[in-house]
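The structure appears below as structure tokens.
Read the figures in this text as sums done on the coordinates, not as results from a lab. Note that the structure is predicted; figures quoted are calculated from it, not measured. Cβ: placed from backbone, ideal geometry, glycine included. Neighbour counts: every protein chain shown.
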Amino acid sequence: MTGAGTIAALATARGEAALAIVRVSGPEAIALVAGRFTNARLADAPSHTAHVGWITDADRERLDQVVVTLFRAPASATGEDVVEISTHGGSAAPQLVLRAILDAGARLAEPGEFTQRAFLHGKLDLAQAEAIADLIHARSTASARAAARGVEGRTSDALAVIKDKLLETAALVELELDFSDEDVEFADRPQLAALLAEADRQLGALLSTARLGALVRDGVRVVIGGRPNAGKSTLLNALVEHDRAIVSDVPGTTRDRVEAEREIDGLLFRFVDTAGLRATEDAIEAEGVRRSHEAAESADVLLYVVDARTGPDAEEEAFLRDLAARRPALSVLRLANKSDLATDPPAGWRSLSAREALADPAHLDGLRQSLVDAVRRGESEPESGVLITNERHRQLLTAARDAVGRARAHLASGTGGDLLALDLRAALDALGRITGAVTPDDVLGAIFGRFCIGK
């Protein structure tokens, strides 16, 4: 993906702001910037120093007064000479400065090329690089915190502990294979079994966080379903605390899915209001009902709403039973809305008044906590703080654990060391692909392609 030479790009978002940053990295970074900078001391300045001056074009016309910060290799983010030029914000000034550096001989960086150079120079491993992308794309407090732990290296540290156990096991097995003709046993079988059992336990602990990790990464899809006029749209507006959906006494007002997001306890919840479930001859409403059923099938949590004055009918109870049979792991919260108007709310249903919650959001505090509990299901983050939020990591951890499982089976059955060694190598290979110790070029291209230009 990357090439040689010196690269440059705008490292901050476009648009009006007080400042912008143009980042330059490569063997000629300092020389190229010095050639377009009015402060003559830049070329000989020490690392980690800041300098005020003007960036000029090829004709020495001044473009913008900037602050240039110098980072000399290898003590820089990429491991190369790096120059960061802080320009005035807006649309014109940063682009003029970037163009001046490109005209001086730099080339425009590809997406993620700065981070890839950091990876190639050993400044971070692949898991940390992916965590940087996750941090950039994070949309909630929980996802940002999980990504920050990855950048910090906690995922890599957890994998290193497992890898050390597997390497110790593999070394004992390989040593025994080298002396197989002499009938010498270097590997103590109970010791090997204990090492593999601990590696399996630690891999299982990491994988157990993947369900919650995926919800932290993508957000929790909460579908609001029920009959027309049950108060679904009012509930949506109350949950997100603004008028997102149209509310009307006319049944069938909501004909398509209406979505809105809200962070609760650090988690991003993506609420989906749906068309009321009923038989209808209206083609448009019928399509909305079909989409409502489709949305329920893909929900992480279902809020099923009934009118507290009437309760659920037989058809609704049958729908919920069928859904539970198809998706037994789905969390369904049964809500009896309009309880302020009911004298005898249905048993087994949570009573609430979405209308009153519009005026006082505290009315839904209990429901919000139930949503968080439904997502976490009693799970707490491991002591290491590592959540597996990356699907590539989950697949490779699964492959590593499968290989360890095969190795344990071979050891228990007394199978020859050759097969045991192959399984241990497969497990180590899978872990190496997570951190980038063993990673094909096409995988690197896909990973770093997620980044924006300038990162």
Taking the beta-carbon count within 10 Å as an exposure proxy, list Lys338, Lys163 from fewest neighbours to most. Lys163, Lys338
Ranking of Thr389, Thr6, Thr209 by count of other Cβ atoms within 10 Å, fewest first: Thr209, Thr6, Thr389
Efficiency of FRET from Cβ geometry, Ala13 and His48, R₀ 22 Å, rounded to 0.05: 0.30
With an 8 Å cut-off on Cα pairs and a minimum separation of 6 or more residues, tell me the relative contact order of segment 7-124 in percent. 32 percent
List every residue whose amide H lies under 5 Å from the amide H of Val220, counting only residues 5 or more places away in sequence or on a different chain, with H placed 1.01 Å from N in the peptide plane. Leu268, Phe269, Arg270
If you place +1 on the Cβ of every Lys and Arg and -1 on the Cβ of every Asp and Glu, how big does the dipole about the Cα centre of segment 7-124 come out, in debye to the nearest 20? 160 debye
Fewest to most neighbouring Cβ within 10 Å: what's the order for Phe114, Phe37? Phe37, Phe114
